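No lab work stands behind these numbers, since they all come straight from the coordinates. In this text the structure is predicted, and so the values were computed from the model without any measurement. Glycine gets a Cβ as well: all are built from the backbone with ideal geometry, and neighbour counts include every protein chain shown.
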Amino acid sequence: MTRILRVGGAQMGPIQKAETRDAAVARMLALMDQAVDKGCDLIVYPELTLTTFFPRWYAEDEAEFDLWFEHEMPNAATRPLFDMAKEAGIGLCLGYAELTEDDGKVHRYNTCILVDKSGRMVGKYRKVHLPGHAEFDPERTWQHLENRYFEPGNLGFPVGRALGGNLGMCICNDRRWPETYRVMGLQDVELVMLGYNTPTGNSMSEEESPELRMFHNHMSMQAGAYQNGTWVVGVAKCGDEDGHELMAGSVIVSPDGVIVAEAKTMGDELIVADCDLDKCRFNKETIFDFAAHRRPEHYRLIVERTGAEPPEAGE
Ligand code: CDV
């Protein structure tokens, strides 16, 4: 059988600190236009699509950094995206900084949402694995203040039925953690959507080459796809943002772990693949037949222990 979801990965070039949401949305609409022309069922945008990657900038007070957050979704700036998607009948996955109030308390999350072809929001994910730090760090070449601006997501890794498949989301650093994919794999995920903002260099080591970092980027997604029998769509925001370069390398990965579409540029670019969701079955029903072969009784440490502890020294 085949169950084809034609997916567009909308890689975005840089967004400078001074640029407006309206300018970003205009570029996103142009990519959506291409995706509609190509007959895509779904378009996937990067992490924090609407602004520059602001966690590289240190801000002391909340009034300053709240400018980067969306207080509702859709809002005036993003409404055109929702309208065009609904009119064209295309699903939409969008990453943004979410500010919300719960029990009279303000919460900030690094969030992405899934909107179906009728314009209904059918999924929300809040980034669980927040990299970086919370205070200004003079040791780093540049800052990565996600732990200052966001709290860890509180929704787990939900997988929902949408667009004819079992769809899940994660965000950027989450893609490096096998737990991310496995928790979704245990919900029979067939397509994982993720956006990323990944610096070309490592702010704490000049020795890590851009090539090695790109290898890690692709390897993480390819391993997650293969080991869970799922499609993975990984979409970058890339290029030079105010002197800070982010890597490109957006890909669509098959459930065999093979890259079937890959961006060639460092700018706005749409990559497209026909993702046959039934192609997930073979892996899920053979080598990674979880019900037959998983041995959770031997995996207890994964949920009981967070950091690594060496074995006790022998005699
Ligand atoms: N936005 C990110 O989560 N970026 C991280 C960087 C800091 C390593 C990533 O995992 O790509």
Run the numbers for Ala18 and Ala292: contour at 0.36 nm per residue of separation, minus the present Cα-Cα distance, in nm. 93.2 nm
Which Cα, out of Asn217, Ile4, Leu67, lies furthest along the positive dipole direction of the chain (beta carbon charges, K/R +1, D/E -1)? Ile4
Give the percent of DSSP beta bridges with both residues in the chain that are antiparallel, rounded to the nearest 5. 65
Non-local Lys pairs in the chain, i.e. 8 or more apart or on different chains, that have alpha carbons under 16 Å apart: 4
Zone of Glu62 (label point 7 Å along Cα→Cβ, backbone N under 18 Å): which residues in segment 88-113? 97-110
Contact order normalised by residue count of the chain, Cα under 8 Å, 6+ apart, percent: 20
Highest-MSF residue in the chain out of Leu31, Leu99, Leu48 [GNM, Cα springs under 10 Å]: Leu99
Tensor-based shape of segment 218-315 (alpha-carbon gyration tensor, a/c under 1.5 rounded, otherwise prolate or oblate): oblate
Gyration tensor verdict on segment 11-123 (Cα atoms; rounded if a/c is under 1.5, prolate if a/b is larger than b/c, oblate otherwise): oblate
Starting from the coordinates of the alpha-carbon atoms of segment 194-237, obtain the Kirkwood hydrodynamic radius over all distinct pairs and give the value in Å to one decimal. 11.5
Per residue of the chain, what 222 nm ellipticity follows from adding -39500 (n - 2.57) for every DSSP H run with n ≥ 4, rounded to the nearest 500? -7000 deg cm²/dmol
Could you work out the relative contact order of segment 37-166, using alpha carbon pairs under 8 angstrom and six or more residues apart, expressed as a whole percent? 24
